[in-house]
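Participant: Structure incoming, see below.
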Amino acid sequence: MAENKKIQNTIEQYKKHSNYERFTESGRKLFQGFDQEKIIRHYHLDADDSMISFRYLSFPARILRHTCEVQIDSPCPSMISSEAASPSETGYRKASPGIAMTVYEMLTYSLDGEMPIPSGEWASVSRLGGIIGAYHATSLVSNSDKSLFAGKSDALRKACLAIHGTPAPGNADVSFILPVFDNFPVWFQFWDGDEEFPVNYQFLLPQNALQFIRYETVWYLIGTIHDCLEDFINMPDVLKGHRFSPFETPNK
């Protein structure tokens, strides 16, 4: 738990500084202090001598065991680090700071206890954070341009399908359960605007999400989802050229 506390403190620094890559590097070094075999067993991950494999928003991802660098095979520019080298033959590149820091904490936060299971009930980000959460949610709304998604319900549906989201019931124009990790879904809901109501969307998390990660890390996780969807919306060639068909499960 002491090592996880250090990762949490690093995330706090990550929030306060613009040099995200530097703080991701600090998180990487802290992650190196964890027992990788224990992580693999606890979270039921695939691994070999060189890497630990998992999926992030359905994209193949991995942690290199020697360096603990998080890499992802994704066509979305927002998911790739600005320091990433050219894609390898397999397509993997260094993941963005938001993904890397989320992964580091997701794989250490509950390591010393029982592995949590999503409760099946849902909660908004603001509800998870109480009074602080309500403030953060208001701040996020005021700092984001929701009109970017206006009139793009069909494109959003295709983007959600591309990352293997599952259509969910409800009165939203677009409603999908998105697989962030194999055992951690997020529910995305979008309402297009009209003359009476503005564009709106929200992300719902499992009600017991804070058994998986702490509240502050939720914002990095949500940010990576939002930016990925925006990539697909603003760059139709990304979706068109995406080698994972929305109607097929990519091979492991």
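Participant: Would you mind putting 164-172, 50-58 in packing order, based on average other-beta-carbon counts within 10 Å, highest first?
Facilitator: Top of the packing list down: 50-58, 164-172.
Participant: Give the ranking of ASP192, ASP112, ASP231 by solvent-accessible surface, highest area first, calculated with a 1.4 Å probe.
Facilitator: Most to least solvent-accessible, the answer reads ASP112, ASP192, ASP231.
Participant: Between the stretch 55-125 and the stretch 184-208, how far is it from one alpha carbon centroid to the other, in angstrom?
Facilitator: Using only Cα atoms, the two centres lie 23 Å from each other.
Participant: Sticking with this one: HN-Hα J couplings of the stretch 63-76 from phi, Karplus 6.51/-1.76/1.60, θ = phi - 60°, integer Hz, Gly and Pro as x?
Facilitator: Going residue by residue, I get 10, 6, 5, 6, 9, 6, 6, 8, 10, 9, 10, 9, x, 7 Hz, with x marking Gly and Pro.
Participant: In terms of modelled amide H atoms, which long-range or inter-chain residues lie less than 5 Å from the amide H of VAL186?
Facilitator: Under 5 Å from the amide H of VAL186: LEU178, VAL180.
Participant: For a test of the definition: using alpha carbon positions, the gyration tensor, and the 1.5 limit on a/c, classify the stretch 151-239 as rounded, prolate or oblate. All intermediate terms of the calculation are to be shown ahead of the outcome.
Facilitator: Working: a/c = 1.77, a/b = 1.40, b/c = 1.27.
Verdict is prolate for the stretch 151-239.
Participant: Could you pull out every residue, at least 5 positions away or on a different chain, whose amide H is within less than 5 Å of the one on ALA123? Hs are placed 1.01 Å off N in the peptide plane, and Pro or chain starts have none.
Facilitator: The list, which skips near neighbours in sequence, is LEU205, GLN207.
Participant: Could you report the stretch 47-112's accessible area per residue, 1.4 Å probe, as an integer in Å²?
Facilitator: About 36 Å² of surface per residue is accessible.
Participant: Something else now. Sequence-distant or interchain residues sharing an amide H contact under 5 Å with ALA47, placed H: which?
Facilitator: Close amide H contacts, sequence-distant or interchain: SER53.
The values are calculated or read from the model by the stated rules, or taken from the named source; none is laboratory data. Owing to the predicted nature of the structure, the values given are computational and were not obtained by experimental measurement. Neighbour counts run over all protein chains shown; Cβ positions are idealised from the backbone, glycine included. Remember, those area values only see protein heavy atoms, side chains included, never the ligands or the DNA or RNA. Shrake-Rupley method; radii C 1.70, N 1.55, O 1.52, S 1.80 Å.
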